1. Pick out the one residue from 210, 291, 254 that is more than 19 Å from the chain's Cα centre (by Cα), within 30 Å of residue 328 (Cβ to Cβ) and without any contact (Cβ under 8 Å) to a residue 24 or more places away in the chain.
2. Of the conditions (1) outside any loop (DSSP other than H, G, I, E, B); (2) open to solvent by 30 Å² or more (accessible area, probe 1.4 Å), residue 286 fails just one. Which one is it?
3. Quick check on region 241-251. Is at least one of its residues more than 9 Å from the ligand (Cβ to nearest atom), open to solvent by 30 Å² or more (accessible area, probe 1.4 Å) and polar (S, T, N, Q)?
4. Quick one: which residue in 316, 362 is under 26 Å from residue 264 (Cβ atoms) and not acidic (Asp, Glu)?
5. State which residue pairs qualify: first residue in contact (Cβ under 8 Å) with a residue 24 or more places away in the chain and inside region 275-288, second residue within 14 Å of the ligand (Cβ to nearest atom) and among the basic types (Lys, Arg) in any location, beta carbons under 7 Å apart, and separation of 6 or more residues or different chains.
6. Of the numbered conditions (1) open to solvent by 40 Å² or more (accessible area, probe 1.4 Å); (2) farther than 25 Å from residue 268 by Cα; (3) more than 16 Å from the ligand (Cβ to nearest atom), residue 142 satisfies every one except a single condition; which is it?
7. Can you say whether residue 311 is open to solvent by less than 30 Å² (accessible area, probe 1.4 Å) and under 25 Å from residue 356 (Cα atoms), as far as the supplied structure shows?
8. From the list 303, 294, which one is farther than 13 Å from residue 261 by Cα, among the basic types (Lys, Arg), modelled with pLDDT of 95 or more and not in a helix (DSSP H, G or I)?
Amino acid sequence: MAGLAGRFARRWCSGLLGSPLQVPALGLHVGGPAMLASQKDFNNAVSQVKLLKEDPGNEVKLKLYALYKQATEGPCNVPKPGMLDFINKTKWDAWNALGSLSKEAARQNYVDLVSRLSASSESPSPEAPAADRKQPESDSLVVTSEDGITTIRLNRPAKKNALTTQMYHDIIAALQAASKDESAITVLTGSGDYYCSGNDLTNFTHLPAGGLEEMARSAAALLRDFVNCFIDFPKPLVAVVNGPAVGISVTILGLFDVVYATDRASFHTPFSHLGQSPEGCSSYTFPKIMGSSKAAEMLLFGKKLTAQEACAQGLVTEVFPDGTFQKEVWARLKAYSKLPPNAMRISKQIIRNREKEKLHAVNAEESSVLRERWQSDECMNAIASFLSRKAKL
Ligand SMILES: CCCCC/C=C/CC(=O)SCCNC(=O)CCNC(=O)[C@H](O)C(C)(C)COP(=O)(O)OP(=O)(O)OC[C@H]1O[C@@H](n2cnc3c(N)ncnc32)[C@H](O)[C@@H]1OP(=O)(O)O
């Protein structure tokens, strides 16, 4: 965890400052007195932060916190918080990562960062959003509509398309819009080499004021809303699985109508490893799709399936060679999107409607079990282990 936050903090610091007087390894300003911000500049910047029109996000807020502490108190010399005190430990790590940076340089870096934030929150966005579609709040999701197909693309390739809290909200909004737009088919896919690495495990480190209990309550409510959107989605829903899939991105596949996968894809649900339990209605759909013992191997023991195995077990519709995957899949989807849209909707309704009530009940139960799991030592230790780079799947 210390390493993770330290690495994060170093990365946030680098690249933010353009001064020639930088420590190359840290990207931090260590300039001489003539270059440095005054106490008055610093005080102004502190006031300016409160006036920012847009929330700069947790990563930037953490950097501001660290620079503020360094500028006002100097290098971090308070005891490190306990491993499970995620928030205070992350803050401590960020502050500690600034090492022996002088108070004056920290003050300058703080002023520079605030001035960049103020400038970007005042400049108009380069592209006006399409009139009929509210654009996602972050760049981590890209939604496009073309040829009768609305495509929702997970776009965080550097993090293997792990789902942040904001992305869950954006996917819900994108599905709601797609259910009403002109398109005949809706597709979920990923950018880069992964389809999706599941829930972003750092979501669990952003503890709200109500602590772990409140975090678990609000995550369970969001999970429930998120999965409900897939249960209720009225048009053909297709997953274009462009690479490995993990966790919730695998479990919700049971709620898709068609799943196309590259032969590079794999399907992994490591819930027990993470001290968690199945979601996405997989406790119901997986046994139905593949039989209870194959489902148990995946959901209890975290057995990872190859694309071919997932296809043999009915979770995947068809597997394509990676070299021709995109070309073949999109050609096929374009042809399908020309079929009469109302006929496709109505057929989907007949196939899915009698299951809906059951699926909603399963979703509610899975979300409520997870709410408890997320507060367990097993779960917190597994997440702390991943964050401290001791564990990877
Ligand atoms: C509303 C809440 C709902 C919650 C619903 C619950 C869902 C349950 C799940 O989804 S459980 C599944 C959770 N996912 C994982 O446990 C995957 C963890 N990731 C890994 O094990 C590996 O990263 C990997 C196997 C996916 C890929 O390994 P590889 O070596 O190829 O790549 P890196 O590990 O170097 O990853 C590149 C960077 O991406 C970050 N990252 C990857 N996955 C996640 C993730 N799930 N959460 C947060 N961050 C992730 C990784 O940390 C690297 O970042 P860095 O470059 O900054 O170090």
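1. Values: 210 fails: within 30 Å of residue 328 (Cβ to Cβ); 254 fails: without any contact (Cβ under 8 Å) to a residue 24 or more places away in the chain.
Only one candidate qualifies: 291.
2. For residue 286, the exception is condition (2).
3. no
4. 316
5. Close Cβ pairs (under 7 Å, with a partner that is within 14 Å of the ligand (Cβ to nearest atom) and among the basic types (Lys, Arg)) amount to 275/373; 276/373; 277/373.
6. The one condition residue 142 does not meet is (2).
7. Spelling it out, it is not the case that residue 311 is open to solvent by less than 30 Å² (accessible area, probe 1.4 Å) and under 25 Å from residue 356 (Cα atoms).
8. Result of the check over 303, 294: 303.
The values are calculated or read from the model by the stated rules, or taken from the named source; none is laboratory data. Every value quoted in this text rests on a predicted model; they were computed, and no experiment measured them. In this analysis, Cβ positions are derived from the backbone assuming ideal geometry, glycine residues included, and neighbour counts consider all displayed protein chains. In case anyone asks, the SASA skips ligands and DNA or RNA and just uses the protein heavy atoms, side chains included. Shrake-Rupley method; radii C 1.70, N 1.55, O 1.52, S 1.80 Å.
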